[in-house]
1. For Asp60 and Thr44 in one chain, what is 0.36 nm times their gap in residues minus the Cα-Cα distance, to one decimal in nm?
2. Do the sum for the chain: with -39,500 (n - 2.57) for every DSSP H run of n ≥ 4, divided by all residues, what is the mean residue ellipticity at 222 nm, to the nearest 500 deg cm²/dmol?
3. Within 10 Å, count the other beta carbons around each residue, average over each peptide in 61-70, 135-144, and list them highest first.
4. Taking 30 Å as R0, compute the FRET efficiency from the Cβ-Cβ separation of Glu23 and Trp83 and round it to 0.05.
5. If you put +1 on each Lys and Arg Cβ and -1 on each Asp and Glu Cβ, how big is the dipole of region 1-123 around its Cα centre, in Debye rounded to 20?
6. Based on the alpha carbon coordinates of region 61-157, what radius of gyration and maximum Cα-Cα distance (Dmax) apply, in Å?
7. Keeping all protein chains in place, calculate the accessible area per residue for region 1-131 (probe 1.4 angstrom), answer in Å².
8. Using mean Cβ contacts within 10 Å as the protection proxy, how do 93-106, 27-40 order, highest first?
Amino acid sequence: ISEPGLISSGNVTAPWLHDRLAEMGAAALLEALTALEHGPLPGTPQPAEGVTYAAKLARDEGRVDWSRPAVEIERQVRALNPWPGVWFEHQGERIKLLAAALADGAGPPGRVLDEQLAVACGAGALRALRLQRPGRAPMAAGDLLRGFAIPPGVDLG
């Protein structure tokens, strides 16, 4: 995203992008309607080169694959929010990972590295920032960890 004034692409989430593109589309539509008052608008066909098909997302695409690089998982968290969401399992519960950041550390993929929920990935580590248990409200990782232990050394798959 290169429009002046936009936040860095490292902070963009799907809901933010949706809202921003809706604003930009509305402004472009008003501009086109104003220009139509002065005559027809020139058409520009979209080039066929580079066109791809985006398949429909499936719920299972949100399952965290800890063997992937941390940077990819962090992007997955931002891209699949709010649906289908990114999740992992612990103690038989599907925990949604709503926000995450890159972290220092290394270990076997899926291994919890510290008390602040940094998890080793295929390359690097990811720190969970915001989580949600089934049927519960979203909460900061520290708040969740006070009532639902995910201690260092646990393997999240």
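The values are calculated or read from the model by the stated rules, or taken from the named source; none is laboratory data. Predicted model, so just to flag it, every value in this text is computed and none were measured. So basically every Cβ, Gly included, is an ideal-geometry build from the backbone, and we count neighbours across all protein chains shown. Heavy atoms of the whole protein, side chains included, go into the accessibility calculation; ligands, DNA and RNA do not. Shrake-Rupley method; radii C 1.70, N 1.55, O 1.52, S 1.80 Å.
1. Numbers: separation 16, 0.36 × 16 = 5.76 nm, distance 3.85 nm.
Stretched out fully, the Asp60 to Thr44 stretch lengthens by 1.9 nm.
2. Values: 3 runs with 40 residues, N = 157.
Only helices count here, giving -8000 deg cm²/dmol.
3. Values: 61-70: 17.7, 135-144: 13.7.
Highest to lowest by the protection proxy: 61-70, 135-144.
4. Numbers: r = 21 Å, r/R0 = 0.70.
After rounding, the FRET efficiency stands at 0.90.
5. Working: 10 positive and 16 negative charges, 67 e Å.
Here region 1-123 has a charge dipole of around 320 debye.
6. 11.8, 32
7. Numbers: 8520 Å² over 131 residues.
Here the residues of region 1-131 average 65 Å² of exposed surface.
8. Values: 93-106: 18.0, 27-40: 9.1.
Result, highest mean first: 93-106, 27-40.
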